[in-house]
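To keep things clear, I will list the structure first and then write my remarks on it.
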Number of protein chains: 2
Amino acid sequence: MVRQDRRPGYEDLLAAHGRIQPHVHRTPVMTSHYFDERVGARIYFKCENFQKVGAFKARGACNAVLSLSEEEATGGVLTHSSGNHAQALAYAAGIRGIPAYVVMPETAPQVKADAVRGYGAQIRFCEPTLEARERHSREWVAETGARFVHPYDDWSIIAGQSTAALELLDEIPDLDAILTPVGGGGLLAGTALACVLGPGHARAFGAEPENADDAARSLRMGEIQPSIHPRTIADGLLTSLGLRNFEVLKDEVRSIFTVSEEEILTAMHLVWQRMKILIEPSSAVPVAVLLSGRFDGPAARIGVILSGGNVDPRQTP
Amino acid sequence: MVRQDRRPGYEDLLAAHGRIQPHVHRTPVMTSHYFDERVGARIYFKCENFQKVGAFKARGACNAVLSLSEEEATGGVLTHSSGNHAQALAYAAGIRGIPAYVVMPETAPQVKADAVRGYGAQIRFCEPTLEARERHSREWVAETGARFVHPYDDWSIIAGQSTAALELLDEIPDLDAILTPVGGGGLLAGTALACVLGPGHARAFGAEPENADDAARSLRMGEIQPSIHPRTIADGLLTSLGLRNFEVLKDEVRSIFTVSEEEILTAMHLVWQRMKILIEPSSAVPVAVLLSGRFDGPAARIGVILSGGNVDPRQTP
């Protein structure tokens, strides 16, 4: 097993799938008469909210950790994150039996810290700035010899995230399009590679909050635009694009559609109410795009990756 | 097709399944590592929250309506209910292309009335007493020639509700027990018949709120005890047992376990959080029984029927 150090080909995606399959769920694909009617197309929802740790992030983290050589793995793995990637990396390290270290902003909610600890990771808290997170990470790597695993700007992470689309295309081969949310771009880049390299004709499209539209702007401008003061309920989509992620998006993704905060909330509540499944706000972003009528891609059979379900519905507007 | 006018045999249950199959979902069976660990058994959740109209009631109503002769069906069907049965009957009547009439207490929430109208039924509102509901029903039946369909004390309804357990046992044949909530007893009676008449060795058990424990008391006393001033968040479980339902329960159900309001809420929130699916409070009652450690039935492989998902999580304590 060797760490993915270049843009993955189709065989790399398949290898990632084989590698992680024993440790992640093959999540179900759901349909809903209500959403089909509203959108005027057949919609296939890939339910990564049912994934291990409650989000697709388990896929990338497992692939990254299981791809390490014995030597690379001995010191454990480390990341800085307050979100689903932290839990996912802790989970993956537990599978491999190596230590996991997570640098978290001291402002992170108690439940998130508890969840990460529940998977057996050690936590260090720091001031809630990128500078502090990076400095603490470097120091802790130096102390432990742990390997830093970036949440999205990493080819093995991208290959891992592609496996949700691989499974969806395996089940519904004649999809025309797959929509995913975009934060750092791991899920969208992986999905785009699965679409372009695989046998079908599906194309990948992105969905982003208007209030965190750096990926849409980056794609239009042809170079990465930073995410400045993002203010969105879709807390998984705050980060700027990664270099590797943008490289794939630039080549393989035609459009990223944006939606308002109100559209995101409405879409999330409709999925709860009509499908009886819990999705987090980030997952609702592609659903909101479809409901908005703004999606202009090929529209007969559309896949949507519901990226995660880590939300407390009683504490959401 | 003939209305079921006697206690159904196994062939009647299978016939009901064949009759309704084109019109209801074969709902998925989910498992959860978390609940298996907590309970110390393998738990199989039959997800009727994903059923048409959001609850198992679609099964009974479809069987009742599709079992009517042409002559019986012409005048349409009528019921009094503010809950899932009203929506289910309206849905079933729509399939058959006959009118549906629903008498509702004027205190019923607007959303419930809207949902029933959405399925094409006509509504008459009355004072929120059983006497008023029954009087208005009689009068409306006299006007329209509609056939009254009781929500649970009806063999064709019971046969219809049995089909959730039939599917569960078809998928997991070696279950030891199936737990269901108990209100009027339609789901539990149907489940008990499926267990006893079918090929496996599973036995059915009931789960009830302490604050609406009339079925547990009825089983202990050997005769139906009325549900007096039930005060529970499990709003599907307020009614007293039906005669036919009790007849089956007395013969085929050994125990009905009770849980507190707090246990019900905790169980509901845990299912939301851990399984990422929305269930209504009534569905959480059997889960609460398992978490309480009070269940003393055969416990290696346990089925639970999650009866419905009609809940607004933002408006729940």
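Some observations on this one:
- Nearest beta-carbon to the B/A symmetry axis - residue in chain B, distance in Å: B:P313, 2
- Note: relative contact order over segment A:58-148, using C-alpha pairs below 8 Å and six or more positions apart, is 32 percent.
- Anisotropy class of segment A:1-115 from Cα gyration tensor, a/c 1.5 cut: oblate
- Likely footprinting exposure, B:T258, A:T163, fewest C-beta neighbours within 10 Å first: B:T258, A:T163
- Computed FRET value (nearest 0.05) for A:H201 with B:L243, which takes r as the C-beta separation and R₀ as 51 Å: 0.25
- Charge dipole (the protein assembly as shown, unit charges on Cβ, about Cα centre) - positive-most of B:P173, A:V29, A:L168: B:P173
- Taken along the Cα-to-beta-carbon direction at a fixed 7 Å, the label points for B:K250 and B:R42 span 3.7 nm.
- Net +/- balance of residues flanking B:E223 in space, Cβ distance below 13 Å, scoring K and R +1, D and E -1: +1
- GNM flexibility winner over chain B from B:L197, B:L265, B:L188 (Cα, springs under 10 Å): B:L197
- If R0 is taken as 51 Å, the Cβ-Cβ distance between B:E171 and A:E106 corresponds to a FRET efficiency of 0.60.
- Residue-averaged beta-carbon neighbours from other chains (10 angstrom radius) around B:270-280: 5
- Using the Cβ of B:M104 as centre and a radius below 12 Å, the other residues enclosed give a net charge of +1, where K and R count +1 and D and E count -1.
- Under 5 Å, built H, 5+ apart or other chain: amide partners of A:I123: A:V102
- Per-residue Cβ neighbour rank within 10 angstrom, fewest leading, A:C126, B:C195: A:C126, B:C195
- A:F257 long-range amide H proximity, modeled H, under 5 Å: A:G206, A:A207, A:E208
- Chain B, relative contact order [Cα under 8 Å, separation at least 6], %: 21 percent
- Shown for B:R135: label points 7 Å from Cα along the beta-carbon vector, and their distances to the equivalent points in the other copies, 7.9 nm in ascending order.
- For segment B:58-148, taking the reciprocal of the average inverse distance between every pair of different Cα atoms yields a Kirkwood hydrodynamic radius of 12.7 Å.
- Other copies of A:P298: label-to-label distances in nm, shortest first, labels 7 Å along the beta-carbon direction: 5.3
- Less than 5 angstrom separates the built amide H of A:Y44 from those of A:I302, A:G303, A:V304, all sequence-distant by 5 or more or on a different chain.
- Segment B:172-317, relative contact order [Cα under 8 Å, separation at least 6], %: 30 percent
- Over 27 Å (Cα to Cα) - which of A:K46/B:K112; A:K52/A:K276; A:K276/B:K250 fall in this group: A:K46/B:K112; A:K276/B:K250
- Per residue, the convex hull around the alpha carbon atoms of the protein assembly as shown comes to 151 Å³.
- Counting from the shortest, the label point at B:G9, 7 Å from Cα toward Cβ, is 6.6 nm from the same position in each remaining copy.
- Projecting label points 7 angstrom from Cα along Cα→Cβ for B:R301 and B:A142 puts them 5.5 nm apart.
- Distance between segment B:257-317 and segment A:246-269 - C-alpha centres, whole angstrom: 36 Å
- Once exposed loop GluC sites (Glu not before Pro) are cut out (DSSP; at most 16 other Cβ, 10 Å), longest piece of chain B: B:107-222
- Listed residues A:L237, A:L130, A:L175, most fluctuating in chain A (Gaussian network, C-alpha, under 10 Å): A:L130
- Rounded to the nearest whole angstrom, the semi-axes of the ellipsoid equivalent to chain A, taken from the Cα gyration tensor as √(5λ), stand at 29, 21, 18, largest first.
- ³J(HN,Hα) computed for each position of segment B:193-200 - Karplus, 6.51 cos²θ - 1.76 cosθ + 1.60, integer Hz, glycine/proline x: 5, 4, 5, 6, 8, x, x, x
- Karplus-derived 3J(HN,Hα), 6.51/-1.76/1.60, for each residue of segment A:73-87, Hz, glycine and proline x: 7, 4, x, x, 10, 9, 8, 10, 5, 10, x, 5, 5, 4, 4
- Each Lys and Arg contributes +1 and each Asp and Glu -1, all at the Cβ; summed about the Cα centre of the protein assembly as shown, the dipole is approximately 300 debye.
- Under Karplus coefficients 6.51, -1.76 and 1.60, residue-wise ³J(HN,Hα) of segment A:110-118 in Hz, glycine/proline x: 3, 4, 5, 4, 4, 4, 5, 4, x
- Summing charges over all other residues whose Cβ lies under 10 Å from the Cβ of B:N245, with Lys and Arg as +1 and Asp and Glu as -1, gives -1.
- Ordered by the number of other Cβ atoms lying within 10 Å of each residue's own Cβ, fewest first, A:F125, A:F50, B:F205, A:F295 fall into the sequence A:F125, A:F295, A:F50, B:F205.
- Estimated from helical segments only, the mean residue ellipticity of the protein assembly as shown at 222 nm is -14000 deg cm²/dmol, where each DSSP H run of four or more residues counts as -39500 (n - 2.57).
Since every read-out is calculated from the coordinates, none of them should be taken as a lab result. The shown structure was predicted, so the numbers you read here are calculated from the model rather than taken from an experiment. Every residue, glycine as well, gets a Cβ built from its backbone with ideal geometry; the counts of neighbours run over all protein chains shown.
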